[in-house]
1. So which residues in the stretch 270-287 are closer than 21 Å to G384 by Cα, touching a Gly at 6+ places or on another chain (Cβ under 7 Å) and surrounded by 19 or more Cβ atoms within 10 Å (Cβ to Cβ)?
2. Please go through the stretch 76-87 and pick out each residue that is in contact (Cβ under 8 Å) with a residue 24 or more places away in the chain and surrounded by fewer than 13 Cβ atoms within 10 Å (Cβ to Cβ).
3. How many residues are surrounded by 12 or more Cβ atoms within 10 Å (Cβ to Cβ) and in a strand (DSSP E or B) when one looks only at the stretch 1-38?
4. Among the strands (runs of 3 or more DSSP E) confined wholly to the stretch 386-471, which include 1 or more residues that are modelled with pLDDT under 95 and not charged (D, E, K, R)?
5. Counting just the residues of the stretch 78-118 that are touching a Lys or Arg at 6+ places or on another chain (Cβ under 8 Å) and either among the basic types (K, R) or assigned to a loop (DSSP other than H, G, I, E, B) (or both), which one comes out nearest to D141 (Cα to Cα)?
6. For the stretch 357-365, indicate whether the set of residues that are farther than 15 Å from W300 by Cα, in contact with a helix residue (DSSP H, G or I) (Cβ under 9 Å, 6 or more places away or on another chain), surrounded by 16 or more Cβ atoms within 10 Å (Cβ to Cβ) and in the same structural domain as R296 (by TED's automatic domain parsing) is non-empty.
7. Which condition from (1) among the polar types (S, T, N, Q); (2) more than 30 Å from E13 (Cβ to Cβ); (3) buried (at least 16 other Cβ atoms within 10 Å of the Cβ) is the one that N435 breaks?
8. When only residues in the stretch 245-261 that are at pLDDT 95 or above and polar (S, T, N, Q) count, which is surrounded by the most Cβ atoms within 10 Å (Cβ to Cβ)?
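The values are calculated or read from the model by the stated rules, or taken from the named source; none is laboratory data. Please read all numbers here as calculations on a predicted model, not as lab measurements. Every residue, glycine as well, gets a Cβ built from its backbone with ideal geometry; the counts of neighbours run over all protein chains shown.
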Amino acid sequence: MKASRFLISTLKEAPADAEIISHQLMMRAGLIKKLGAGIYNYMPMGLRVLRKVEAIVREEMNRAGAIECTMPVVQPAELWQETGRFEKMGPELLRIKDRHGRDFVVQPTSEEVVTDIARQEFRSHRQLPKNLYQIQTKFRDERRPRFGLMRGREFIMKDAYSFDKSREAAQSSYQAMRAAYGRIFDRFGLQYRAVRADSGAIGGDLSEEFQVIAATGEDAIVYCPHSDYAANMEKAESAPPAAPRPAPGQPRTLTPTPGRSTCAAVAELLGVPLRSTVKSLVLATDETGESGDVPRAQLWLLLLRGDHDMNEVKVSKLPGLDAGFRFATVAEIEEHFGAKPGYLGPLDLKKPVRIVADREVAAMADWICGANQEDFHVTGVNWGRDLPEPDLVADLRNVVAGDPSPDGKGALAIERGIEIGHVFYLGTKYSRAMNATFLAEDGKPAFFEMGCYGIGITRLPAAAIEQNHDERGIIWPDAIAPFTVVLCPIGMDRSDTVRAAAEKLHDDLLALGIDTVLDDRGERPGAMFADWELIGVPHRVVLSDRGLKDGQVEYQHRRDAEATRVALADIAALLRERITA
């Protein structure tokens, strides 16, 4: 490729709305151009990156036995109504009508459509297993699109769906996909972790995320440095306290805490550790009475240690809260507790509530909580003596660095990550909802056991940039760079020697299968080098009259501090060796 025939549109400054480094550099390097909120044009330089990402994903999916197809971006609502997701999914699902008033969706994912294919095409256990995948445009109407391609509204995704005859076979397919994902991300040259995850809106009971390690990542990754335990914050389990609950050592005392409505403020006033306080969170579920027409609010009091935070995903899986909950209103709180938020606790309630204690709180003695009186807290509170045991004890909180690992092999650490892939075992969630069956070996209909596997094609380059950049611009891994090698001839428009050497080297490298661009634009050396450092091409070769007189060129990897002089006759072999390595 010759640069004069390509579209290079670098910027000196990033747009004001580009918040994180990948967004800034992708805009400055001319990889993407914003069209609307969360919607981007993929410019030629950026599209070359995406096509390389797609090629690696496609090769490894095919190698793993998956079969490529393409499903429509616009899908009939009837399929989504079969699974209930048309009504259940929030405004992120873009719903539209055609000229006849029929409902459609712009797909954010394709479980319904691929299950419809399976129930029509896979009629016998002899046709299984099967894995269908696509690389397709998706749309999710994000409330607040941000960070460029990291959280856009329109994006490209590889999604695959496996169909098996049994749970055991489905889990084998899951592991095959997990291994394929490892090969994919290894080829990209990225630092990543596979972590246990919650399945979220897609569903299923086995799920892992692949996270690129990056300081700007939105996700917190919890791991044990001394074992293979790793999970995202939603899924990370806090181990039960190792020691039994101590015996009461203090009297229960009503203590004035004027104007102190937070655990931190109370701990500071009383001169005690924050960990000795207990915070009260009040949730509500709306339950229908026996008449079936008058919902009533059931209040739940969740108790967590003052230095811990509630994990909403864990709470959403508790019995009684798994059908959905909300935070209680101030009026509901005052009706049950007789006090406003800030001074709440489980003692002296006006109306009963269901009390759920975090594991840590259930093992505490002599703790401090709100007194259900404004400007007062109670110190020296103990289970059994001052109030009954909680209705339920559960893991309610986010883990923190230093917590013991659930596998007992050390303490947990936390780092930031960017999700680039996710694998789910779905079971029969969608096949049951859509009555998708095949004839099993016993001749009876059986529901497909399914898996779902996604990779964010457009998110992955942004994640790679977050992990690979410096003050000059992007540093692409070889596998996904828009060009692997850039030739920078100095004075090419004035020197026939430089022109001839540059064009011959360009043609020789292309013949070797090395993706090379020749900058024949006639730019000054400083401007030319700055463009390619910003764009992030990993290997640069500079040709000049002075060097060629000695039969040499200058080679520099994007991470090198200085260039190295190499014989012109040897540069092609050197590049092939470096790129292969």
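1. The answer is T277, V278, K279, S280.
2. G84, the sole residue that qualifies.
3. So the answer is 4.
4. Values: elements: 392-394, 413-427, 437-439, 445-447, 449-456.
Those strands (runs of 3 or more DSSP E) span 413-427.
5. Top of the filtered list is E92.
6. Step one: list which residues in the stretch 357-365 are farther than 15 Å from W300 by Cα, which gives 359-365.
Still in the list and also in contact with a helix residue (DSSP H, G or I) (Cβ under 9 Å, 6 or more places away or on another chain): 360, 364.
Subsequent filtering for residues that are surrounded by 16 or more Cβ atoms within 10 Å (Cβ to Cβ) retains 360, 364.
The next check asks that each one be in the same structural domain as R296 (by TED's automatic domain parsing); those that pass are 360, 364.
Yes, some residue in the stretch 357-365 is farther than 15 Å from W300 by Cα, in contact with a helix residue (DSSP H, G or I) (Cβ under 9 Å, 6 or more places away or on another chain), surrounded by 16 or more Cβ atoms within 10 Å (Cβ to Cβ) and in the same structural domain as R296 (by TED's automatic domain parsing).
7. Tallying (1) among the polar types (S, T, N, Q); (2) more than 30 Å from E13 (Cβ to Cβ); (3) buried (at least 16 other Cβ atoms within 10 Å of the Cβ), N435 fails exactly one: (3).
8. T257
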